[in-house]
Amino acid sequence: MDQPHPIATKRPALSVVAPMHNEAGGAAQLVAEIAAALENTDHEIIIVDDASSDETLRELSEATDKFPQLRIIRHERNAGQSRALRSGVLAARGSVVVMLDGDGQNDPADIPLLFDKYDQTHAAMVAGERRARQDSSAKKLASRFANGVRRRLLRDGATDTGCGLKLFHRDAFLRLPYFDHMHRYLPALMRREGFEVVFVPVSHRARAHGKSKYSNLGRLMVAFRDILGVLWLLARAKSPGNVSEEPRK
């Protein structure tokens, strides 16, 4: 059973959560980039090490001396990106959370763009949509196909749900049904609960360290199975409309 981590007295304005698995060579660099992007914002950085077998944990541990806002959550066994994200959100002290991929392809310099959009709209989720993607032609083609199928079936309004850069209310996220790979369907799941989702264009970078954890075929096979599950969840949702508490007499 999920248990929230102890909550400190001081709650930062923003909690940044990044799952990592075998990202040696880029782990500490990503932490430094996040800290630089948020130097004027009260924040914490939560890296969830999903049972890495390389030097990722050592690099992160050494970085804690320089970045006191860094917290490291460690999985005993590899559980995947969605479970690592959930572990990070459970540990988060802030009421607003930003997630980004731990491979460095999301640019932390874009985080303030999402935060500004949140201030303007107060939407429950602000999701990034990548522009000028720095991926192989095969990966971009597979992603375009999968996004098109997903958007047509789920009608979530997202053109790039695979973008790892998203901002959301912590409480809203924890109300969503959890399942493996659920991080790819957050806009649809948020809207299922009646939350507003808005989108902002963000940049994208080529991978400089490590290697992709998914193959195109593997990602496609899982996507079709998961879409069926999400369609079932959407079909079984019932909205009560506005929910209010009656005043005491």
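Ordered from highest to lowest accessible area with the whole protein assembly present and a 1.4 Å probe, LYS238, LYS117, LYS10, LYS249 read as LYS249, LYS238, LYS10, LYS117.
Stretched out straight at 0.36 nm per residue, the stretch from ALA13 to ALA206 would grow longer than its current Cα-Cα span by 66.5 nm. 3J(HN,Hα) along the range 123-129: 5, 5, 9, 10, 10, x, 10 Hz, from the Karplus curve 6.51 cos²θ - 1.76 cosθ + 1.60 with θ = phi - 60°, whole Hz, x for Gly and Pro. Excluding same-chain neighbours fewer than eight residues apart, the aspartates and glutamates reachable from LYS238 by a Cα-Cα span under 15 Å are GLU193.
Basic side chains Lys and Arg get +1 at the Cβ, acidic Asp and Glu get -1 at the Cβ, and with that the dipole of the range 67-111 about its Cα centre reaches some 380 debye. Note on ASN40 and LEU228: the extension gain reaches 63.4 nm, defined as 0.36 nm multiplied by sequence separation minus the Cα-Cα distance. Label-to-label distance, ARG248 versus ARG131, with points set 7 angstrom from Cα along the beta-carbon direction: 5.3 nm.
Taking all protein chains into account, the per residue accessible area for the range 1-103 stands at 44 Å² (1.4 Å probe).
Report the paramagnetic label zone for SER95: residues of the range 234-249 whose backbone N is under 19 Å from a point 7 Å from Cα along the Cα-to-Cβ axis. Under 19 Å, as judged by backbone N against the label point of SER95, lie 243-245 of the range 234-249. Sorting ARG170, ARG192, ARG175, ARG77 by accessible area puts them as ARG77, ARG175, ARG192, ARG170; the probe is 1.4 Å, largest comes first, and only protein heavy atoms count. Note on exposure: TYR178, TYR185 ranked by accessible area (1.4 Å probe, complete protein assembly) read TYR178, TYR185, with the most exposed listed first. Rolling a 1.4 Å probe over the protein heavy atoms leaves PHE179 with an accessible area of roughly 50 Å².
The values are calculated or read from the model by the stated rules, or taken from the named source; none is laboratory data. The structure displayed is predicted, hence computed values, not measured ones. For neighbour counting, all protein chains shown are included, and Cβ atoms are generated from backbone atoms with ideal geometry for every residue, glycine included. We work out accessible area using only protein heavy atoms, side chains counted, and drop any ligands, DNA or RNA first. Shrake-Rupley method; radii C 1.70, N 1.55, O 1.52, S 1.80 Å.
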